[in-house]
Amino acid sequence: MALTNSKHGYGTLTKVFHWLIVILFALQFVGGNIMTSIGFNSSFAGISTNDYYNWHKSLGLIALFVAILRIINRQLGHLPPWAPTLSKGEQTFIHRVEQVFYLAMFVMPVTGWLYVMWGHYGVNLFGVWEMPRPLTKDDTLRDIAKWAHIGAGWVLLAAMVGHIGLVLRHQLVKKDGLLKRML
Ligand code: HEM
Ligand code: HEM
């Protein structure tokens, strides 16, 4: 199997990055909602709120790094042709959803980072490195970044529901093996 995309299908790198981002985004959504629900000085499943925040910020920055690698990889090789079972309307839908995904892979970590920097909360990367805080504290910008982070999260969630729904409809109802293209 080729490392990069080719006319014959997605390359290994695309598949690895795709599923890595799926895992990271799933952890971010679950962790993000737990930490904002349980309140400060609390814990859930033996993990403190503080640790949830640290892991959320750290994994979010790892996701940003993976997104950069993914964009570089997308520029290499040739995109495979559309699956023959996709209608013109579905191709347009997939194309738009993918644009939202690529945007979200940057907007989510960047707004999260801006939020904690303008709030002066900081990032203690995986509990081992207190990252520099290059921005001056600003409560208005902090709030804007926070709501951009939360709002973008909802847009991303809607795109994920559409993307997964389309794949499952092809895989389970049309039984055309669409999922195999990414495995
Ligand atoms: C792939 C990247 C990321 C995703 C998908 C993501 C997703 C989320 C979600 C779903 C929430 C819960 C929102 C809610 O309250 O309903 C959240 C909250 C939060 N995220 Fe992220 N996040 C990402 C990266 C980051 C990064 C890199 C940082 C900081 C460096 C960060 C900082 C925060 C903070 C501080 C909150 C709490 C917001 C609040 O006070 O309500 N996130 N994130
Ligand atoms: C369980 C969840 C998911 C499943 C089953 C799934 C499945 C697939 C499949 C089968 C394809 C290939 C479609 C084709 O034939 O061209 C694909 C492509 C793609 N998926 Fe997903 N996906 C999931 C979640 C996600 C998430 C969370 C993201 C991004 C945040 C994402 C981003 C993409 C992108 C951008 C492509 C186009 C290929 C590329 O340029 O990298 N997917 N997905």
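Miscellaneous remarks
- Sole exception among (1) within 13 Å of ligand 1 (Cβ to nearest atom); (2) in a helix (DSSP H, G or I) for Lys180, by number: (1)
- Residue match in the range 39-50 (condition: away from ligand 2 (no atom under 16 Å from the Cβ) and touching a residue at least 12 places away in the same chain (Cβ under 8 Å)): yes
- Cβ pairs under 6 Å, 6+ apart, first in the range 159-183 and touching a residue at least 24 places away in the same chain (Cβ under 8 Å), second open to solvent by 40 Å² or more (accessible area, probe 1.4 Å) and outside any helix (DSSP H, G or I): His170/Asp176; Asp176/Thr85
- Test: residue in the range 117-139 that is within 15 Å of ligand 1 (Cβ to nearest atom), assigned to a helix (DSSP H, G or I) and open to solvent by less than 40 Å² (accessible area, probe 1.4 Å): yes
- Taking the numbered list (1) out of contact with any Lys or Arg (no Cβ under 7 Å at 6 or more places or on another chain); (2) surrounded by 15 or more Cβ atoms within 10 Å (Cβ to Cβ) in turn, Leu79 passes all entries but (2).
- Restricting the range 51-73 to residues that are exposed (fewer than 14 other Cβ atoms within 10 Å of the Cβ) and closer than 16 Å to Val107 by Cβ leaves a set whose member that is nearest to ligand 2 (Cβ to nearest atom) is Ile71.
- Neighbours by Cβ (under 6 Å, 6+ apart or cross-chain): first from the range 1-30, farther than 18 Å from His163 by Cα; second more than 9 Å from ligand 2 (Cβ to nearest atom) and among the hydroxyl-bearing types (Ser, Thr, Tyr): Met1/Thr12; Leu3/Thr12; Gly11/Thr4
- Within the range 142-161, the set of residues being under 19 Å from Leu27 (Cα atoms) and more than 9 Å from ligand 1 (Cβ to nearest atom) comprises Gly151, Val155, Ala158, Ala159, Met160, Val161.
- Some residue of the range 78-85 being under 28 Å from His149 (Cβ atoms) and either among the aromatic types (Phe, Trp, Tyr) or part of a helix (DSSP H, G or I) (or both): no
The values are calculated or read from the model by the stated rules, or taken from the named source; none is laboratory data. Quick caveat: nothing in here was measured; it's all calculated off a predicted structure. Cβ sites come from the backbone with ideal geometry, for glycine too, and all protein chains shown count toward neighbours. The area values use the complete protein model at the heavy-atom level, side chains included, leaving out ligands, DNA and RNA. Shrake-Rupley method; radii C 1.70, N 1.55, O 1.52, S 1.80 Å.
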